[in-house]
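For reference, the structure is listed below as structure tokens.
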Amino acid sequence: MSAGGWIAIASWVAVVALIAALVYAWRQYQQARGDAAELMQPNVSMYMEPSASDWHLVELVVKNFGKTPAYGIRFEFVDPPTVGKYESAYEDRYVDITPLNLPAEIPYLAPTQEWRIVWDSALDRRELGESIASRFHGAVTYFDQPTNPNSKQKRYQYKSSAILDWATLHPVERLQLLTTHDLARQEKQKLELLRHLLTYYHYAASESRDEVLRVEINRVRAAADELRDRYRAEYNHTAAAANGSSHHNDNSNYAPAAVNDNYAPARMGADTAFEEAHTTIINGRHRRDLG
């Protein structure tokens, strides 16, 4: 082959290499441009987390982690999240299950801005057991531009999937500290108990037959005796545990004193002493303070 032929081949090889380099550079430019656009687009996520004020309250959170605003955020669920209607519980402690009240649309979320709603209480949900669902598959859809028919800029829609599972949260078995919410619920329960007692007294007092009144009196007395015996047994158990713990800590050779049902009356003097004992609330439990 002549020298001119080799020069022609070398020229073609150089042209092909230049074209390949240009194609590679163009692809790298497009990829870098796509990565930059992805970094600058909104990034909305949906998740659940415990409330900062009450650990057992779980909130549903929608947050924009992107660097640009998100518009027209909407929810999509295969099965909508559910919650119990505890305020309308029946006498047999059953509650209705209803979908969580979510808005049809969140108009706008700025970068790092979030939207929250209290979903449910982990304690109340545990009592419902398998009667209420605990795993939900859903997604949020959103746009990078607001709705503007006069705008020539293209509007892109994005979608972020999410799995909301109550089983992934921390266990609800933990020390319960009294809060304003707990105290309000306890007072509500006391008022409900008083209301039922007054209702019972109203109907029982309207009876004029002596034998019926005697039956009702015996029923109330038996219920009071049962409640008093239960509190007395709990007190005896607590006293025995404390007595045994003190002897164990002192490494004493003496055996702890026996505690039985006859111990409580001797310690308290009479049933009236037990009835007049003060009640204190410690860590969500009622304890009899015998002074």
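The values are calculated or read from the model by the stated rules, or taken from the named source; none is laboratory data. Small disclaimer: the values here were computed from a predicted structure and weren't measured. Here the Cβ is made from the backbone with ideal geometry for all residues, glycine too, and neighbour counts use every protein chain on show.
Annotations
- Any hit, the range 200-221, residues being touching a strand residue (DSSP E or B) at 6+ places or on another chain (Cβ under 9 Å), at negative phi and surrounded by 14 or more Cβ atoms within 10 Å (Cβ to Cβ): no
- All told, Ala14 meets the bar of being small (Gly, Ala, Ser), loosely packed, with under 15 Cβ neighbours inside 10 Å and farther than 23 Å from Arg185 by Cβ.
- Close pairs from the range 204-219: first assigned to a loop (DSSP other than H, G, I, E, B), partner among the aliphatic types (A, V, I, L, M), Cβ under 9 Å, at least 6 apart: Glu207/Leu213
- Number of the exception - Glu91 against (1) at pLDDT below 90; (2) among the charged types (D, E, K, R); (3) assigned by TED's automatic domain parsing to the domain that holds Thr141; (4) surrounded by 10 or more Cβ atoms within 10 Å (Cβ to Cβ): (4)
- For the residues Ala17, Ala52, Ala32, the requirement of being of a type outside the set (Lys, Arg), over 30 Å from Gln157 (Cβ atoms) and either more than 37 Å from the chain's Cα centre (by Cα) or not assigned by TED's automatic domain parsing to the domain that holds Glu114 (or both) singles out Ala17.
- The residue of the range 36-63 that is surrounded by the most Cβ atoms within 10 Å (Cβ to Cβ), among those that are modelled with pLDDT of 90 or more and farther than 30 Å from Ile97 by Cα, is Pro42.
- Among residues of the range 62-73 that are more than 10 Å from Ser45 (Cβ to Cβ), those with a Cβ under 9 angstrom from a residue that is charged (D, E, K, R), sequence gap 6+ or separate chain, pair up as Thr68/Asp144; Pro69/Asp144; Ala70/Asp144; Tyr71/Asp144; Tyr71/Arg155; Gly72/Glu105; Ile73/Glu105.
- Cβ-Cβ distances below 6 Å connect the following pairs, each with a first residue in the range 122-146 that is within 19 Å of Asp54 (Cβ to Cβ), a second residue that is part of a loop (DSSP other than H, G, I, E, B) and not charged (D, E, K, R), and a separation of six or more residues or different chains: Ala122/His56; Ala122/Val172; Leu123/His56; Leu123/Val172; Arg126/Val172.
- The residues in the range 162-185 that are of a type in the set (Val, Ile, Thr) and either in contact with a Gly (Cβ under 9 Å, 6 or more places away or on another chain) or modelled with pLDDT under 70 (or both) can be counted, and the count is 3.
- Among (1) surrounded by fewer than 16 Cβ atoms within 10 Å (Cβ to Cβ); (2) hydrophobic (A, V, I, L, M, F, W, C); (3) closer than 14 Å to Phe77 by Cβ - the single one Ala110 does not satisfy: (3)
- Residue tally, condition assigned to a loop (DSSP other than H, G, I, E, B) and not polar (S, T, N, Q), over the range 111-168: 10
- Summed over the range 109-129, residues that are within 24 Å of Phe143 (Cα to Cα) and either of a type outside the set (Ser, Thr, Tyr) or at pLDDT 95 or above (or both) total 8.
- Some residue of the range 81-92 being acidic (Asp, Glu) and in contact (Cβ under 8 Å) with a residue 40 or more places away in the chain: no
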